[in-house]
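The values are calculated or read from the model by the stated rules, or taken from the named source; none is laboratory data. All values reported here derive from a predicted model rather than from experimental measurement. Note that we place each Cβ from the backbone using ideal geometry, even for glycine, and neighbour counts take in every protein chain shown.
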Amino acid sequence: MVILAGLSLMVLAAGPEPAPPLTLKSVDGQTYSLAQYQGKLVFLTFFKEGCVPCKKEIPFLSQLAARYPDYLQVLGVGYQEKNPAKLKAVAADMGARFPVLVDATGMVARRYRVTSLPLGALIDENGKIIGKWYGFQQQEVEAMVQAGVQRLSAQQRSTAITVGVFTEATAAAKQAGLGKKLQRAIAAGLQGRGMEVAAAGAASAYTVEGSVSRIGPVTGVSVRIFQTRSKLQMDEFSQSVSGEDYGPLIADLAAKIQKLP
């Protein structure tokens with residue numbers, strides 16, 4: 001184990017990767033998991049007693065969490081400390097004002113490949129690691145958190161609809177390219193009803209996606225509507241379509257979207 005003093009190294013190979021699962025008890029006996037923070041940013045920091053840069057990082061992260069309570073959750077993990085009472089005292093002495101978790105088996109530290117301290121991982125609203133640091137670098141961390149907060153804030157303010165992928169569930173649907181056709185038809189239909197359809201990668205309030213199948217003369221469409229930011233499912237329905245006349249389907253979809261909060 002190397003404790004970095006004044007050295008910061010950001011490592012993120014080949015883009016964002018899914019964050020390893022985490023479910024741990026805190027020093028106060030409460031259970032925390034990454035899953036409960038879906039839709040928010042999570043900054044996960046590994047620290048231990050005697051780590052000089054950890055003493056600088058933890059007060060900074062406490063301030064950052066207090067600045068963005070609606071968008072950011074900070075979680076601390078004690079490295080190689082199985083005694084909750086001792087870890088609680090160490091964290092308090094460092095100025096931690098966020099949940100501090102006990103990695104009793106060391107499994108979480110292994111999953112996150114902790115080889116030096118502090119190790120920080122910024123996890124986005126979809127559960128992917130978008131930043132990982134060995135050591136503490138305030139400016140880099142703050143800049144990435146601010147960018148994430150701005151993105152989430154834009155999503156929250158947006159009223160646009162993202163029209164996502166409709167997978168083709170049968171060979172006939174694939175042969176006819178119904179997924180792309182349906183995607184384009186829904187986008188055009190919603191726009192024709194005065195709704196804003198988000199461009200690729202742009203912020204949106206809700207996302208529409210699903211699947212399409214064709215068996216003989218019957219086309220079946222399954223539609224799912226969920227909040228873009230939180231991934232919370234708001235509605236789901238299926239409908240049979242005559243040929244490629246998607247008008248009734250789009251009308252029903254628009255009516256459902258208009259009823260959403």
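Here the condition is being in the same structural domain as Gln150 (by TED's automatic domain parsing), closer than 16 Å to Gly29 by Cβ and at pLDDT 95 or above; of Lys88, Lys48, it holds for Lys88 alone. Of all residues in region 176-185, none are of a type in the set (S, T, N, Q) and in a loop (DSSP other than H, G, I, E, B).
Within the option set Ser230, Ser242, Ser211, Ser204, being polar (S, T, N, Q) and at pLDDT 95 or above holds for one residue only, Ser211. In the set Gly148, Gly127, Gly177, only one residue is at positive phi and within 20 Å of the chain's Cα centre (by Cα); that residue is Gly127.
I'd like to know if region 221-241 contains one or more residues that are without any contact (Cβ under 8 Å) to a residue 40 or more places away in the chain and in a loop (DSSP other than H, G, I, E, B). No, region 221-241 has no match at all.
The strands (runs of 3 or more DSSP E) falling completely within region 40-125 that include 1 or more residues that are aromatic (Phe, Trp, Tyr) and touching a Leu at 6+ places or on another chain (Cβ under 9 Å) map to 41-47. Restricting region 132-157 to residues that are touching a Pro at 6+ places or on another chain (Cβ under 9 Å) and assigned to a strand (DSSP E or B), the residue that is surrounded by the most Cβ atoms within 10 Å (Cβ to Cβ) is Trp133.
Lys55 meets all of the listed conditions (1) exposed (fewer than 13 other Cβ atoms within 10 Å of the Cβ); (2) of a type in the set (D, E, K, R); (3) closer than 16 Å to Gly135 by Cα but one, namely (1).
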